[in-house]
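Novice: A single structure is presented below for examination.
The values are calculated or read from the model by the stated rules, or taken from the named source; none is laboratory data. No experiment lies behind these values; they were computed from the predicted model shown. In this analysis, Cβ positions are derived from the backbone assuming ideal geometry, glycine residues included, and neighbour counts consider all displayed protein chains.
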Amino acid sequence: MDHSSKRAGPAGPEGSTGAERVPGFEEFVAGRERHLLRTAFLLTGGDAHLAEDLVQEALGRVFLKWRRVSRMENPSGYAQAALVNTFLSYRRRRSSTERVTDVLPETGVDDPDPALRLTLLRALAGLSPADRAVLVLRFWEDRGVEETAGVLRIGESAVRTRTRRALVRLRAVLGTDLDALVGRSAAPAGTDDYERAGARHAH
């Protein structure tokens, strides 16, 4: 499949023609696309086909604003935010459930057990899209509460509430395996909420 037409669309970024090469964009995609796909795979709860579609749409949005994005301090962060917002917009438009596939790309977690990874994906698929996005941003993207709130455009208290609630639900499915998948190997930024969620589940 040729994804270049999807990325560029009929016109280039911010009014340029689609025929001209946009400096730096292809290199940016080459360096970030795999990471974006891993993030999208987690966001979709394991739907590899939907993950690819979401990444292509998000990269298309980045492309259209590339001249401005390329001058930002953190273009990668902008692309991640575009992906999350593309996912949430998709979920608002569609009522269909994601399909967990047998294709299991690396999730960015030190997890040698495909069965455990599949259980994680199914557990993530059982969360609401917003709760899932909070967990992916905080633990797999290593973003703090303030940054996560900014990406999702919600309050910091809502981020903390969603984090704790989602972790309790994951622990109910994964038990102590959650420690390896989320608690220690993924993101120090979520340690406090992670420990509180574990304590709540234990009582």
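Let's see how each residue does on (1) under 17 Å from LEU42 (Cα atoms); (2) out of contact with any His (no Cβ under 7 Å at 6 or more places or on another chain); (3) crowded, with 19+ Cβ neighbours inside 10 Å:
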| site | (1), (2), (3) |
| --- | --- |
| ALA115 | yes, yes, no |
| LEU137 | yes, yes, yes |
| GLU146 | no, yes, no |
| ALA149 | no, yes, yes |
| VAL168 | no, no, no |
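Novice: Which one is nearest to LEU152 (Cα to Cα), of the residues in segment 63-89 that are in contact (Cβ under 8 Å) with a residue 24 or more places away in the chain and over 13 Å from the mean Cα position of the chain (by Cα)?
Specialist: PRO75
Novice: Of the numbered conditions (1) acidic (Asp, Glu); (2) loosely packed, with under 15 Cβ neighbours inside 10 Å; (3) closer than 20 Å to THR86 by Cα, GLU141 satisfies every one except a single condition; which is it?
Specialist: Among (1) acidic (Asp, Glu); (2) loosely packed, with under 15 Cβ neighbours inside 10 Å; (3) closer than 20 Å to THR86 by Cα, the lone unmet condition for GLU141 is (2).
Novice: Is at least one residue of segment 23-46 touching a strand residue (DSSP E or B) at 6+ places or on another chain (Cβ under 6 Å) and at pLDDT below 95? Let's see the steps before the verdict.
Specialist: Residues of segment 23-46 touching a strand residue (DSSP E or B) at 6+ places or on another chain (Cβ under 6 Å): none.
There is no residue in segment 23-46 that is touching a strand residue (DSSP E or B) at 6+ places or on another chain (Cβ under 6 Å) and at pLDDT below 95.
Novice: With the requirement that a residue be part of a helix (DSSP H, G or I) and among the charged types (D, E, K, R), what does segment 43-96 give you? Walk me through how you get there before you give the answer.
Specialist: Our first condition is that a residue be part of a helix (DSSP H, G or I); within segment 43-96, this holds for 43, 48-64, 66-69, 75-93.
Hits for segment 43-96 are GLU52, ASP53, GLU57, ARG61, ARG67, ARG68, ARG91, ARG92, ARG93.
Novice: Anything in segment 43-57 that is crowded, with 24+ Cβ neighbours inside 10 Å and of a type in the set (A, V, I, L, M, F, W, C)? List them, or say none.
Specialist: Taking segment 43-57 first, the residues crowded, with 24+ Cβ neighbours inside 10 Å are 43-44, 46, 51, 54-55.
Listed by number, the residues that qualify are LEU43, ALA51, LEU54, VAL55.
Novice: Taking segment 151-181, which residues are touching a residue at least 60 places away in the same chain (Cβ under 8 Å) and either in contact with a strand residue (DSSP E or B) (Cβ under 7 Å, 6 or more places away or on another chain) or more than 23 Å from ALA115 (Cα to Cα) (or both)? Quick ask: steps written out before the conclusion?
Specialist: From segment 151-181, those touching a residue at least 60 places away in the same chain (Cβ under 8 Å) are 151-152, 177, 180-181; that's our starting set.
VAL151, LEU152 - these are the residues of segment 151-181 that are touching a residue at least 60 places away in the same chain (Cβ under 8 Å) and either in contact with a strand residue (DSSP E or B) (Cβ under 7 Å, 6 or more places away or on another chain) or more than 23 Å from ALA115 (Cα to Cα) (or both).
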